[in-house]
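Single-structure report; data block below.
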């Protein structure tokens, strides 16, 4: 779990009989997984265990998400909202968040990460699936089987295509070639045991290092 600075005593426990709603979000994809309730004891247990613990309003006791299914919510960070009466719990889920075996408690009927930049997380899941299942005719699986050298060559080729498309001034072509580059880069990273998330973390670290500290 990342370092979390949270003043439990500053939270407003008075509004809902000592309970605070906890919005659970996948730290990698940004997807909202579920909503649960925490009392002071549940929050303390969550911080201590590094896994999300709720207060069950129906059973009247603490329950750790995944204690029977194994689908735990491994805590990354927790923060309060502006009114100190709602919590945002960022997690790494170990399996489906919902008891109905769906990724989220809001169902899997719609794309869980949308069609924008959030789809990159889904792309990595698709790549992982193609490599693991090796379905007939899968370009991803075939390219992965050819090894690091060929995957690296493809990244180089796609990088050149991106540069040429940019010079040509065709935005549609540039977008298409950039998509090809990101796909092949994600595949290459996967083959080396890395991820786009690791690249994002590196960029975030650089940003923090190069951003002057705010002064009062």
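The values are calculated or read from the model by the stated rules, or taken from the named source; none is laboratory data. If you're wondering where the values come from, they're calculated on a predicted model, not measured in any experiment. In this analysis, Cβ positions are derived from the backbone assuming ideal geometry, glycine residues included, and neighbour counts consider all displayed protein chains.
Structure summary
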item	result
Selected residue [crowded, with 16+ Cβ neighbours inside 10 Å and either in a helix (DSSP H, G or I) or in contact with a strand residue (DSSP E or B) (Cβ under 8 Å, 6 or more places away or on another chain) (or both)] from 140, 175	140
Tally, over the range 21-53, of residues that are closer than 21 Å to residue 100 by Cβ and more than 21 Å from the chain's Cα centre (by Cα)	1
Failed condition for residue 54, given (1) part of a loop (DSSP other than H, G, I, E, B); (2) crowded, with 20+ Cβ neighbours inside 10 Å; (3) in contact with a helix residue (DSSP H, G or I) (Cβ under 7 Å, 6 or more places away or on another chain)	(1)
Exclusive hit being exposed (fewer than 13 other Cβ atoms within 10 Å of the Cβ), at pLDDT 90 or above and either on the phi > 0 side of the Ramachandran plot or not assigned by TED's automatic domain parsing to the domain that holds residue 31 (or both), set 147, 109, 66, 159	147
Lone unmet requirement of (1) in a strand (DSSP E or B); (2) under 20 Å from residue 102 (Cβ atoms); (3) without any contact (Cβ under 8 Å) to a residue 60 or more places away in the chain for residue 70	(1)
In the range 29-43, the residues that are free of Cβ contacts under 8 Å to residues at least 40 places away in the same chain, crowded, with 21+ Cβ neighbours inside 10 Å and in contact with a helix residue (DSSP H, G or I) (Cβ under 9 Å, 6 or more places away or on another chain)	36
Among the candidates 210, 206, 192, residue that is over 18 Å from residue 29 (Cα atoms) and at pLDDT 95 or above	192
